[in-house]
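Have a look at the structure below before the remarks.
The values are calculated or read from the model by the stated rules, or taken from the named source; none is laboratory data. The shown structure was predicted, so the numbers you read here are calculated from the model rather than taken from an experiment. Cβ placement follows ideal geometry from the backbone for every residue including glycine, while neighbour counts extend to all protein chains displayed. Note: areas computed on protein heavy atoms with side chains; ligands, DNA, RNA excluded. Shrake-Rupley method; radii C 1.70, N 1.55, O 1.52, S 1.80 Å.
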Amino acid sequence: MESDRIKWDERYSGTEHFFSFGPSRLLAKSLEQILTLVPGRRALDLACGEGRNAIFLAQHGFRACGVDISPKGLERGVRRAAEVGVTVEFVEADLDLWRPSESYDLILNFNFLMRELIPSLMTALTPGGVLLMETILDAPGMPGEHRKDFLLQPGELERIFGAYPGKVLLLEEDVDAPEMPVARVMFQKEG
């Protein structure tokens, strides 16, 4: 959607990075476990922005692909990957329309929620592969204005991933997270 592209390009046009250079805390904390679980090293990072998580994975031996709607965010990702000496495939795409056409051993979905995309992610996940997701949870007292359809509801991740063959390895709802209430899941597809 063009309005989304414009919004994110504006956010990535400043001199500061929208997120840090480092990976999400959840990914950094989970990487050792993920490495013991996944059958291969092909990773997909949805709504990757400036590519911090895809770059981190590339630094740890993954062939990483980051998909985002913002060309400005992706340009920053390309530059940062080159600076740290890794290769990441960056794809500019509107996730309202894009669906994965390859298989992945690890799929990341951080700070982004599109429920109708989840079935295609589960199809793209290799047997034994892992999906790691963390996004905003609708909770009382949440700061800012948010559209309800972009917020996870309490218990929703358990309902979604409980319907797929595999194991929920992590399931948390953190209503007291420092910046924003979030829900997290690590799901391993049946092998």
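Among residues other than VAL86 with Cβ under 15 Å from its Cβ, the summed charge is +3 (Lys and Arg +1, Asp and Glu -1).
Using a 1.4 Å probe over the heavy atoms of the protein chains, calculate the carbon and sulfur portion of the accessible area of the chain as a whole percent. Walk me through the numbers on the way to the answer.
Details: 4950 of 9570 Å².
Answer for the chain is 52 percent, counting heavy atoms of protein chains only.
Amide H to amide H, with H built 1.01 Å from N, THR126 comes under 5 Å of TYR104, ASP105, counting only residues 5 or more places away or on other chains.
Residues whose amide H comes within less than 5 Å of that of PHE90, counting only those at least five positions distant or on another chain, are GLY66 (H built at 1.01 Å from N in the peptide plane). Couplings 3J(HN,Hα) of region 107-113, computed from phi: 10, 9, 9, 10, 6, 8, 9 Hz, in residue order, whole Hz [Karplus 6.51 cos²θ - 1.76 cosθ + 1.60, θ = phi - 60°; x for Gly and Pro].
Given in Å, the Rg to one decimal and the Dmax to the nearest whole number for the Cα atoms of region 81-160 are 15.1, 43. When the helix-only estimate is applied to the chain (DSSP H runs of n ≥ 4, each -39,500 (n - 2.57), divided by the residue count), what is the mean residue ellipticity at 222 nm, nearest 500 deg cm²/dmol? Calculated from helices alone, the mean residue ellipticity at 222 nm is -9000 deg cm²/dmol. Sequence-distant contacts, meaning Cα pairs under 8 Å at least 6 residues apart, place the relative contact order of region 81-191 at 26 percent. Dividing the alpha-carbon radius of gyration of the chain by the rule-of-thumb value 2.2 N^0.38 Å gives 0.98. Distance from the alpha carbon centroid of region 95-130 to that of region 148-191 works out to 14 angstrom.
Converting phi to 3J(HN,Hα) with the Karplus coefficients 6.51, -1.76 and 1.60 and the offset θ = phi - 60°, region 93-106 yields 7, 8, 5, 5, 10, 6, 9, x, 10, 10, 9, 9, 7, 9 Hz in sequence order, with x at every glycine or proline. Note on the chain: with charges restricted to the Cβ of Lys and Arg (+1) and Asp and Glu (-1), its dipole about the Cα centre is near 520 debye.
For the chain, the solvent-accessible area works out to 50 Å² per residue, with a probe of 1.4 Å and every protein chain left in place.
For the chain, lysine pairs with C-alpha atoms less than 30 angstrom apart, excluding pairs fewer than eight positions apart on the same chain, total 10.
Got the relative contact order for the chain handy, in percent, Cα pairs under 8 Å and 6 or more residues apart? Please list the in-between numbers first.
Values: 361 pairs, mean separation 34.0, N = 191.
Reported relative contact order: 18 percent.
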